[in-house]
Amino acid sequence: MRGKYLLLSAIAFVSGLRFSSAQIKYPYRNANLSIEKRITDLLSRMTLDEKVGQLNQLNSGPLTGPEAGNGKGPKEMLQQIRDGKVGSLLNVVGAVETGNIQKIAVTESRLGIPLLFALDVIHGYKTIFPIPIAESCSWDPDLAEKCASAAAKEASASGLHWTFAPMMDLTRDPRWGRVMEGAGEDPYLGGVFAAARVRGFQGNLDNNHLLACVKHFAGYGAAESGREYNTVDISRYNLWNMYLPPYKAAVDAGAATVMNSFNIVDGIPASANKYLNTEVLRKKWKFRGFMVSDWSSFSEMINHGFAENKIDAAEKAILSGSQMDMESGVFIQHLKTLISSKKVPQKLLDNAVRDILYYKFKLGLFDNPYKYHNENHEKSVQLSSEMHELSKQASCKSMVLLKNENGTLPLDKNIKNILVVGNLATNRSASLDFWSAKGDTNQVTTYLAGIKSKFAKSEISFSEGYNEKNRFSTETENDMLTKAQKADVVIAVIGISGKLAGEARSLADIAPASGQMEMLRKLHSSGKKVIVLVHAARPMILTDVLPMSSSILYCWIGGTEMGAALAEILAGDYNPSAKLTMSFPHAVGQIPVYYNSFNTGRPHVDGRDGPDDFWVSRYRDIPNAALFPFGFGLSYTSWEYSNLELSSHNMDKNGSITCTLYVKNKGPLDGEEIVQLYIRDVSASYVRPIKELKSFKKLYFKAGESKKVEFTITPSMLSFYDPEGNTLLESGSFTVFVGKNSKEVQEASFVLK
Ligand code: BGC
């Protein structure tokens, strides 16, 4: 496929040279007129074919979905561009490559309408930042904004205008390979990160930024059994309260585009779901940007059993409010007929073209179509030392310390001998995930490399343990145990290769592979202290790892500088502060397990086992609660929470109360703590979750320092949606919880009058 896109660019370059740019002096070319006027003028000059062309997006690079069968080679694609039948290309990159193609669109098509170039820039372009779920564990939206902005800077320098990010699907099922792309299981935190990433990607929409795309609208994170592309069936009540808030936050933050999801909602594919695309997005949320389908999601409505054929799919998609067609070709093939036969009102097409053209004007592409195609600029911004540094910082802030028995970590900087084991400690090809854009695994600082450079004075040995296929053999066992005997500490890297992270990578078994466990058992019985590092893009089942480790650090997939960041943490140069944004299950059978669940009519409290605890909602073999709850994460220092107080035990519907408490850093090291505020609506006209995150503060404390922490509780924190999306604020009792995670909390209550 790479060959295909290089060829496309080469042909574009050669043919582009043959043409001069015949500037036509029409109002839409006049930069002094308002965008609205320019669009109106341009629309009046466009043929029906050209209008439909603006809604056509084609892949011109490596596949990020199945071959759509458009049968277009590079030459045909360029001809389509000349004919004004393409509005956007995805997956072609490079300042020069995209510039060559843009030249064709601008100088050889009748009206010279520039193309939008798009790519999935999810967590970095060339410099790779931690995967989004890891980054969300920083609980630091400013960091997310910075990383998105840095990714946009690198990507726009390669000719790109548009990223298909952020993904804001709420995720409760770690079997789904795409949990890595989101911000976890909480709608509020998801919204905070959604907005931050939109701000970061889009900035002021200059040529150092990208249009953002809110995806996948809607509810894609609820794919049944965590199986990719699977059915989604959620109630409207759940949709409004849990799944929609992050998308709404992104729309409110000004996201330019929204992508349909592959799934059905209320039995109707999202791509043709009028309720979602028109009623919610346009009417309720006042979204003014444009929508794009997911890869072939329009034609896939035939497989869903919702459209009879492609023309039916095209009709249903556009009538619902969907707009640009990514790869399925149903619009370019059939929209003209549908308009001519009046099955689709012309106005719908015109509105869609308007929405798309708006951003082409807004980005300045009509006035300076080549401003994204400067090769020198491209070279100077990518992989710069600032980018590497930001990647390291972000990775430090994303790694979650899950266990640290007897202060095993940080390591003594003068430690004599360290053994690092596990194929993932050095395996570059497993270091990055599918969504690493143009990230190069050769740029990645591996875990072993990071440790070696940080502990330069120590003797560091390495043993592969399990191999790339996760097999553990007697040969490796001998090597490993011999080296372990000499070591003061063993650092064992386990997890799941980055190759199994991302789209189309669902897994039914998310416990460490048996070869990795065998390795851990041998190490544990050697009597050495074992520090376990987990390299994975989803929560794993760590139940059996816990007793065999002194410490567990969840590294996620930290990007280009993951090894350097890890070493900072091991050496105590960075005190871990990250906290989980998805619950970690005890066993696969417990999925979905999430903190903001409902109470049920027969609730159970883990640990209680009296005669009254039989006919209750519980497992007989494992606890109900997660192994590691939402919001959990340790530090090298320890925290004391005390004196939770409310300013009043009554609140008016148009008033507010404050909640204060003291947090003290009791340990010997400076550090950051994420103080979390949860609320429960005790009784309401619809049952409410047992706890919902409503606010948080990430604060820095000197060793021994104590701080008074204050939260303001406002009516919006107490309201919720009914199944139609109306906001309800109901009188009654509320419980406030504040703590270091969703489980270890102090509580107080008040009444809303
Ligand atoms: C994914 C989208 C992605 C698109 C383009 C689809 O298969 O679901 O998230 O943006 O491909 O690569």
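Computed from the coordinates by the stated procedures, all read-outs in this text should not be read as laboratory data. Predicted model, so just to flag it, every value in this text is computed and none were measured. Positions of Cβ are backbone-derived with ideal geometry, glycine not excepted, and every protein chain shown enters the neighbour counts.
For the pair segment 485-512 / segment 691-753, the C-alpha centres are spaced 35 Å from each other.
The mean sequence separation of alpha-carbon pairs under 8 Å and at least six residues apart, normalised by the residue count of segment 455-529, gives a relative contact order of 42 percent.
Taken as Cα centroids, segment 140-169 and segment 372-425 sit 20 Å apart, rounded to the nearest whole angstrom. Hey, with R₀ at 25 Å, roughly what FRET efficiency would Arg110 and Lys343 work out to, going by the Cβ-Cβ distance, to 0.05? After rounding, the FRET efficiency stands at 0.40.
Within the chain, which DSSP H helices have Cα atoms that stretch 18 Å or more along the helix axis and a mean Kyte-Doolittle hydropathy of at least 0.5? Those that pass (Cα extent of 18 Å or more, hydropathy at least 0.5) are 2-17. Here's the picture: a label point sits 7 Å out from the Cα of Thr660 along the beta-carbon direction, and within segment 690-716 the residues with their amide nitrogen under 11 Å of it are 708-711. Considering Cα pairs under 8 angstrom that are at least six residues apart, work out the relative contact order of segment 254-343 and quote it in whole percent. Relative CO of segment 254-343 lands at 31 percent.
Remark: the Cα gyration tensor places segment 567-722 in the oblate category, a/c being 1.5 or greater and a/b not exceeding b/c. How large is log10 of I(q)/I(0) for segment 399-570 at q = 0.19 Å⁻¹ when the intensity is taken from the Debye formula with one equal scatterer per alpha-carbon? For segment 399-570 at q = 0.19 Å⁻¹, log10 I(q)/I(0) is -1.29. The GluC sites (Glu not before Pro) found in segment 435-540 that occupy coil by DSSP, while having at most 15 further C-beta atoms within 10 Å, are Glu468. Segment Asn376..Thr474, full-extension length gain: 30.0 nm, with 0.36 nm per residue of separation and the alpha-carbon distance subtracted. Full extension of the chain segment joining Val751 with Asp609 gains 47.9 nm, where the gain is 0.36 nm per residue of separation less the Cα-Cα distance.
Given in Å, the Rg to one decimal and the Dmax to the nearest whole number for the Cα atoms of the chain are 26.9, 87. Sorted fewest first by neighbouring Cβ atoms within 10 angstrom, Thr727, Thr107 come out as Thr727, Thr107.
Residue by residue, segment 257-271 carries 3J(HN,Hα) couplings of 9, 9, 9, 5, 9, 6, 7, 8, 10, 6, x, 10, x, 4, 5 Hz when phi is fed to the Karplus relation 6.51 cos²θ - 1.76 cosθ + 1.60 (θ = phi - 60°); x denotes Gly or Pro. Name the shape class, rounded, prolate or oblate, that the alpha-carbon gyration tensor gives for segment 447-491, where a ≥ b ≥ c are the square roots of its eigenvalues, rounded holds for a/c under 1.5, and otherwise prolate holds if a/b is larger than b/c and oblate otherwise. Oblate is the answer for segment 447-491, as a/c is 1.5 or above yet b/c matches or exceeds a/b. Modelled spin labels at Asp509 and Asp621, positioned 7 Å past Cα toward Cβ, are 1.5 nm from each other.
Taking a ≥ b ≥ c as the square roots of the eigenvalues of the alpha carbon gyration tensor, segment 194-333 is oblate, as a/c is not under 1.5 and a/b does not beat b/c.
For Lys371, a cut-off of 17 angstrom between C-alpha atoms picks up these aspartates and glutamates, skipping any fewer than 8 places away in its own chain: Glu97, Glu154, Asp206. Segment 285-329 to segment 548-577: how many Å between their Cα centroids? For segment 285-329 versus segment 548-577, the Cα centre distance is 43 Å.
Each Lys and Arg contributes +1 and each Asp and Glu -1, all at the Cβ; summed about the Cα centre of segment 362-443, the dipole is approximately 160 debye.
For segment 575-621, trypsin sites (Lys or Arg not before Pro) meeting the loop criterion (DSSP other than H, G, I, E, B) and having at most 11 other Cβ atoms within 10 Å: Arg608, Arg620. Sketch the reach of a paramagnetic label on Glu459 as a point 7 Å from Cα along Cα-to-Cβ, and name the residues of segment 486-510 whose backbone nitrogen lies under 20 Å away. Only 486-492 pass the distance filter. Averaged over residues, the count of other Cβ atoms within 10 Å places the peptides 242-254, 225-237, 442-454, 320-332 in the sequence 320-332, 242-254, 442-454, 225-237, highest first. Dipole orientation for the chain: of the candidates Val532, Gly704, Ser158, Ser158 has the Cα lying most toward the positive pole (charges on Cβ; Lys, Arg +1; Asp, Glu -1).
A P(r) calculated from all alpha carbon pairs of segment 637-752, with 10 Å bins opening at zero, reads 14, 43, 28, 12, 3, 0 percent. The chymotrypsin sites (Phe, Trp or Tyr not before Pro) found in segment 608-708 that occupy coil by DSSP, while having at most 11 further C-beta atoms within 10 Å, are Phe614, Trp615. Simple point charges give the picture: +1 on the Cβ of Lys and Arg, -1 on the Cβ of Asp and Glu, and for the chain a dipole about the Cα centre of about 1460 debye. Taking the Cα centre of segment 399-570 as origin and assigning +1 to Lys and Arg Cβ atoms and -1 to Asp and Glu Cβ atoms, the resulting dipole is close to 240 debye.
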